[in-house]
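A quick write-up on the structure given underneath.
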Amino acid sequence: MRHQPLISCAPPPPLVAVAHGSRDPRAAATVEDLLDLVRRRSGLRVVTSYLDHAPPTPGQALGALADADGSGEAVVLPLLLTSAYHSKTDIPGALTEVRRHHPRMLLRYGATLGPHPLMIAALERRLAEAGVTPDPDTALVLAAAGSSDPAANATIGRMARGWRGWRRVVPAYASAARPTPAEAVRGLLDAGAPRVAVASYFLAPGHFADKVRDESLAAGAMAVSAALGAAPELAEIIGQRYTEIITLGDQAAVG
């Protein structure tokens, strides 16, 4: 169901999206494409910020809002695909610092984009664009960035186990955990899979997405999907996360 703009007597608080950031200019362009889609669908004021490699930081974006609006209010959403160190430590720490400098500002912090039921639809959209659809003769590698947080990696494993319509779906990680996507591709082919495709669980193109594509194709994958980017499913998830945090009200306030 398509997310509808919120109707309220007062303007809804702005959404401050926090992306990881990258030296690769394609990443910021992709994030902006996604957030432009969110703006068109929801009518919300959406402000972009980055944890690293690109301005503004979350603190800078929120500080500017506080200075412009007096006390101010904002909903902060991490544009991250799993909950790990950035969402559990870095962003909350930045919000605490903002609250220290702007004690009257009301901050609400939402959940990461994944896991979410719509993620599978978004991934299959990108796979279809690469010429691959669910098939009992095609095995699939769900390739994520990987994390030092075991819970984040376990989330990818649960997504893989819950995915239906393929010969088999296995998780893989570009860093910090095993198997790598190339190892997973070779393992599935050695186990007798006629074809293996790779689903890229990345928000935007960049170093890891390129590495996964190149190494997976070299290992024998038939296709590797593009990063999720401005998929309508992701825009819907962002709208849902915003509504969830507004509905929670003061329980979600950072103070």
Q: Give the stretch 136-158 a look and list any residue that's open to solvent by less than 40 Å² (accessible area, probe 1.4 Å), of a type outside the set (Gly, Ala, Ser) and in contact with a strand residue (DSSP E or B) (Cβ under 9 Å, 6 or more places away or on another chain), or say none.
A: THR138, LEU140, VAL141, LEU142, ASN153, THR155, ILE156
Q) What strands (runs of 3 or more DSSP E), lying completely within the stretch 25-114, carry at least 3 residues that are open to solvent by 50 Å² or more (accessible area, probe 1.4 Å)? A) none
Q: Assess whether LEU118 counts as being open to solvent by 40 Å² or more (accessible area, probe 1.4 Å), within 30 Å of GLY165 (Cβ to Cβ) and not small (Gly, Ala, Ser).
A: yes
Q: Determine whether the stretch 97-111 contains at least one residue that is in contact with a helix residue (DSSP H, G or I) (Cβ under 9 Å, 6 or more places away or on another chain) and small (Gly, Ala, Ser).
A: yes
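Residue-by-condition table, conditions (1) modelled with pLDDT of 95 or more; (2) within 28 Å of LEU234 (Cβ to Cβ):
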{"site": "GLY63", "(1), (2)": "no, yes"}
{"site": "ASP69", "(1), (2)": "no, yes"}
{"site": "GLY72", "(1), (2)": "no, yes"}
{"site": "PRO78", "(1), (2)": "yes, yes"}
{"site": "HIS86", "(1), (2)": "no, yes"}
{"site": "THR89", "(1), (2)": "no, yes"}
{"site": "HIS102", "(1), (2)": "no, no"}
Q: Identify the residue in the stretch 115-145 that is aliphatic (A, V, I, L, M) and in a strand (DSSP E or B) and, among all such residues, is farthest from ILE238 (Cα to Cα).
A: ALA139
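The values are calculated or read from the model by the stated rules, or taken from the named source; none is laboratory data. Everything quoted here is computed from the prediction, not taken from an experiment. Note: ideal-geometry Cβ built from the backbone for every residue, glycine included; neighbour counts use all protein chains shown. Just so you know, the surface numbers come from the protein's heavy atoms only, side chains and all, with ligands and any DNA or RNA stripped out. Shrake-Rupley method; radii C 1.70, N 1.55, O 1.52, S 1.80 Å.
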